[in-house]
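So the structure is just underneath, and the comments pick up after that.
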Amino acid sequence: MDLEAAEHGRRFIDAARIIQSDSGKSLVGKCHLSDDTRDVLNDTLRNNEYFVAVLDVDSESAYGLCEKFEEMCRRRKIAISNDLREAVYKLLLYELAININLLSLDKKKLISSTTTSKEPVGFVLKEDEFESFWETPGAVRRAAVSNASDPRKFLRKVERTVVEILSEDEFKSFRSAPGVLRHVVLSHTSDPRGFLRKVERTIADILSDDEFESFKDAPGILRSVVLNHSSDTRKFLRKVERIVAEILSDDEFEYFRQTPWIVRNAAINNPSDTRGFLRKAERTTAEILSEDEFESFWETPGIVRRAAVSHTSDTRGFLRKAERTTVEILSDDEFEY
């Protein structure tokens, strides 16, 4: 594909997406392409099998994406010339590969958003406008799947709602956890405030119940449990307490007896295999404490253990960031004391 063909293909795709967006209609439903169009589609993909393979896109997903775009053009009465089709397909497949790589989602789930989104939705994780979502890629994945026609518009609406709720005194308890609030707005778009009120009532009821006294010093953890186990929060808390009691009485985990909250967090986040999770966290802790790079943490193994439990995906990355922040603060005259 030469530069001129790529430019023509790019302009065609952009124009088709604008027409689709302005129509206000979705692309839900079956594709009703003519036999001739399907023949050309198949021939074009067959002639570009190597390109598709290099992008690591399977043939079924490649066909599904090009079919979806052809269907969009059919519905909007946009004709694709045969000499332009190859460039259009290649550009679309390239965008699909970008989305797959950045969002780590099933290829089939990204076909609709790749077809209609003006820019690859995966770029959201790189765009400054959506910085608040960088730490919650799951939100972007959800937008890509559930709001394929315009995921960015959906995310902007979510963020506006989050900002509005955080400015309201009724929900000031969530100001320390905007990520939690963002998750709620994403999951309960029709009435996030109603759901939050229900959560707060449940928390208040549980905190007034002596059975759950051990959670009174951890309202943030309790809020997380209520959000994720709203159907039967008490039953889940009882299960957590049983797991914690059993583990703390087990000599294998005696080093956690000074930090029972770590065990509680592990039980909440990994109730099916809390012991396995803790063993893995302890192995990670031991490995990190044996590495010269993290010598500054050798005298504070508890910090490493906490990081291994709370930041399982990249414990070392978290510790490096913590160390950089520490150095920056200690070099700042504002904090000389």
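The values are calculated or read from the model by the stated rules, or taken from the named source; none is laboratory data. Computed from a predicted structure; not experimentally measured. No Cβ is skipped: glycine too gets one built from the backbone with ideal geometry, and neighbour counts run over all protein chains shown.
Data overview
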quantity: Check on Lys280, surrounded by 14 or more Cβ atoms within 10 Å (Cβ to Cβ), among the basic types (Lys, Arg), farther than 24 Å from Arg223 by Cα and free of Cβ contacts under 8 Å to residues at least 40 places away in the same chain; calculated: yes
quantity: Any chance Glu170 is loosely packed, with under 14 Cβ neighbours inside 10 Å and over 18 Å from the mean Cα position of the chain (by Cα); calculated: yes
quantity: Options Ser230, Ser214; residue that is part of a helix (DSSP H, G or I), of a type outside the set (Lys, Arg) and at pLDDT below 85; calculated: Ser214
quantity: Subset of region 285-316 (residues that are at pLDDT 90 or above, small (Gly, Ala, Ser) and either part of a loop (DSSP other than H, G, I, E, B) or touching a strand residue (DSSP E or B) at 6+ places or on another chain (Cβ under 9 Å) (or both)); calculated: Ser290
quantity: Test: residue in region 81-89 that is more than 28 Å from Leu105 (Cα to Cα) and modelled with pLDDT of 95 or more; calculated: no
quantity: The lone exception for Val180 - which of (1) over 28 Å from Arg283 (Cβ atoms); (2) in a helix (DSSP H, G or I); (3) free of Cβ contacts under 8 Å to residues at least 40 places away in the same chain it fails; calculated: (3)
quantity: Count - residues of region 261-276 that are within 13 Å of Ala308 (Cα to Cα) and either of a type in the set (Lys, Arg) or touching a residue at least 24 places away in the same chain (Cβ under 8 Å) (or both); calculated: 3
quantity: Any hit, region 99-119, residues being free of Cβ contacts under 8 Å to residues at least 40 places away in the same chain, surrounded by 15 or more Cβ atoms within 10 Å (Cβ to Cβ) and small (Gly, Ala, Ser); calculated: yes
quantity: Hey, Arg156 farther than 30 Å from Leu96 by Cα, charged (D, E, K, R), in a helix (DSSP H, G or I) and modelled with pLDDT of 90 or more or not; calculated: no
quantity: Residue list for region 234-249, filter: more than 13 Å from Ile262 (Cα to Cα) and either of a type in the set (Ser, Thr, Tyr) or surrounded by 14 or more Cβ atoms within 10 Å (Cβ to Cβ) (or both); calculated: Arg234, Phe236, Leu237, Lys239, Glu246, Ser249
quantity: Those residues of region 20-50 which are among the hydroxyl-bearing types (Ser, Thr, Tyr) and either in a helix (DSSP H, G or I) or farther than 20 Å from Thr114 by Cα (or both), in sequence order; calculated: Ser21, Ser23, Ser34, Thr37, Thr44, Tyr50
quantity: Pick from region 233-260, criterion assigned to a loop (DSSP other than H, G, I, E, B) and of a type in the set (Ser, Thr, Tyr), ranking: nearest to Arg305 (Cα to Cα); calculated: Thr259
